[in-house]
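The values are calculated or read from the model by the stated rules, or taken from the named source; none is laboratory data. Since we're looking at a predicted model, the values are computed, not measured. Cβ coordinates were reconstructed from backbone atoms using ideal geometry, including for glycine residues, and neighbour counts include every protein chain displayed. Note: accessible area is taken over every heavy atom of the protein model, side chains too, but ligands, DNA and RNA are not part of it. Shrake-Rupley method; radii C 1.70, N 1.55, O 1.52, S 1.80 Å.
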Amino acid sequence: MSDLPETSYASTSDGLHIAYQVEGTGPVDLIEINNGTLFSIDATAEQPRWQAYVDRFAAFSRFIRFDLRGIGLSDPFGSSEPPTVEQWSSDALAVLDTEHVTQAAVLGVSFGGLVALLLAATHPERVQALVLVNSYCSLLRSDDYPIGVPAQLWDRFGQDLVEPGPSSADDLPLMAPGLVSDAEFTSWWRRAGHRAASPATARASWRAAAVDLRSILGTLRVPTLVVHARDDKFVRVDLGRYLADHVPNATYVELDTADHVPWASDADFVGEIEEFLTGDRHLAPSGRLLATVLFTDIVNSTQQAAAFGDQVWRDRLDLHDRAVDRQLTRFGGHLVKRTGDGVLATFDGPARAVQCAIAIRDAVRQLGLEIRAGVHTGEIEQRGRDVAGIAVHLAQRIQGVAEPGEILVSRTVVDLVVGSGLRFEAQGEHELKGVPGQWLLHRVLD
């Protein structure tokens, strides 16, 4: 969705203001309780994965989200006492009342499932359907609940939220292990976490999430879907299976992922929920597409920087960047990012990518600079403003073996530009670091 949603406020019975947003106009009113983290709804637009997740819900529902009391844009706790699940349930009702929603589907994620369970048990007339994602009804281990988490482990996690130290565990490998190696996401995750809640507020919220609601499961009489990540290390799958086994007539779906946070996962959580609530299921929009990838790099940049001096070299780089930008515009290329001494760009046609590489080489020669370039066509994955995938790695490795002034392309590119007038010379097969197999490369001829 192109426009940022308006933030509104609902007043609670104890005088607090709960920030909420509404996206979409679909026939289903769907309220989300928690998103798998303590992050504020205000951070959603910063993270493409999260925004895409919200957009999919908004495509079939009127999707209502709110910050828990003490979190993000909502008022702090009204007292020194930690919040309770009952208060969170009242907060959700306050948001529904403010939006004049008499009955809604309720989506509880992680410890938000506790709130959703209590809401469905105490106000079944307000709950059209119940969806529990990577959630639980009781967290702590006991003699009659051996699948729970040992109390000392949970206490240590809560203490680390207040007084993080050298031995504190990073929560990202538990919450979104599939994105641990994504440096941009990791940086954003930490920033969003710091802004969402103070350490003391975070600890109070996690402590409130350790209640036991097993006794109410048998009283539920609303259609219920339980979805759980099979390899979730934060809320283990046994806790989700227990929910499904003890909620009357619950539907259970287990997804092949380790990600606890559903919007950070490639698993289709939204599709399962949409099908349960509407009977239909739309495929998730793919972030993968076929593109031609161009990498360029200035030859001997370090030595030239030392020879020219910092100021002259910065001026030379500015001229280089402007020359590159002109040629990308001329040939319809998309600048993904600058790599310090070069660029990563994508094109929807391989011939234009090769022609652009030639034009960039010739333009920067007039500045006394020499580049090497690599071009490959393949499937890439869009990650916000960045791209990833084997095609990106291949283009970078191909550029890495090019000689000064040389433009190397893969055999795929040569096959695709037949009839374009471009000429190539085979350079034999190469092993490319980190890429299995032998790759036949070709040099672009002027």
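Observations, loosely collected:
- Accessible area (Å², per residue) of the range 198-274, counting only protein heavy atoms and a probe of 1.4 Å: 40
- Length-normalised contact order of the chain in % [C-alpha pairs under 8 Å, at least 6 apart]: 12
- Over all other residues within a Cβ to Cβ distance under 15 Å of LEU239, the charged ones net out to -1, with Lys and Arg as +1 and Asp and Glu as -1.
- Entry note, the chain: the mean residue ellipticity at 222 nm calculated from DSSP H runs of n ≥ 4, each adding -39500 (n - 2.57), is -11000 deg cm²/dmol after division by the residues and rounding to the nearest 500.
- Summed side-chain charge close to LEU30 - residues other than LEU30 whose Cβ falls under 14 Å, Lys, Arg +1, Asp, Glu -1: -4
- With 10 Å bins from 0: P(r) over the range 1-139, alpha-carbon pairs, percent: 12, 47, 36, 5, 0
- Summing Cβ point charges (Lys, Arg +1; Asp, Glu -1) relative to the Cα centre of the range 283-403 gives a dipole of roughly 180 debye.
- Net +/- balance of residues flanking THR346 in space, Cβ distance below 15 Å, scoring K and R +1, D and E -1: +1
- Accessible solvent surface per residue of the range 1-117, calculated while the other protein chains remain in place, 1.4 angstrom probe, Å²: 36
- Computed over protein heavy atoms with a 1.4 Å probe, the carbon and sulfur contribution to the accessible area of the chain reaches 49%.
- Fully extended contour minus Cα-Cα distance, from THR186 to GLN303, at 0.36 nm per residue: 38.8 nm
- Candidates SER205, SER215, SER40: whichever shows maximal mean-square fluctuation once the chain is modelled as a Gaussian network with Cα springs under 10 Å: SER215
- For q = 0.11, 0.12, 0.14 Å⁻¹, Debye-computed log10 I/I(0) when each Cα of the range 129-283 counts as one equal scatterer: -0.49, -0.59, -0.80
- Gap separating the Cα centres of the range 16-64 and the range 346-405, nearest whole Å: 38
- Within the chain, percent of DSSP bridges classed antiparallel, to nearest 5: 60
- Backbone amide hydrogens, once placed in the peptide plane, bring VAL127 within less than 5 Å of ALA104, excluding anything fewer than 5 places away on its chain.
- Of the chymotrypsin sites (Phe, Trp or Tyr not before Pro) found in the range 218-292, none is in coil by DSSP with at most 13 other Cβ atoms within 10 Å of its Cβ.
- Debye-sum result for the chain in log10 I(q)/I(0), which assumes one identical scatterer on each alpha carbon, at q = 0.07, 0.11, 0.12, 0.14 Å⁻¹: -0.47, -0.89, -0.97, -1.15
- In a DSSP loop and with at most 15 other Cβ atoms within 10 Å, the trypsin sites (Lys or Arg not before Pro) in the range 257-356 are ARG281.
- Across the range 32-57, the residues whose backbone nitrogen lies under 18 Å from the label position 7 Å along the beta-carbon direction of SER198 are 38-40.
- Whole-Hz couplings from phi, Karplus 6.51/-1.76/1.60, listed for the range 304-319; x for Gly and Pro: 5, 4, 5, 6, 7, x, 4, 5, 4, 5, 5, 5, 5, 5, 4, 5
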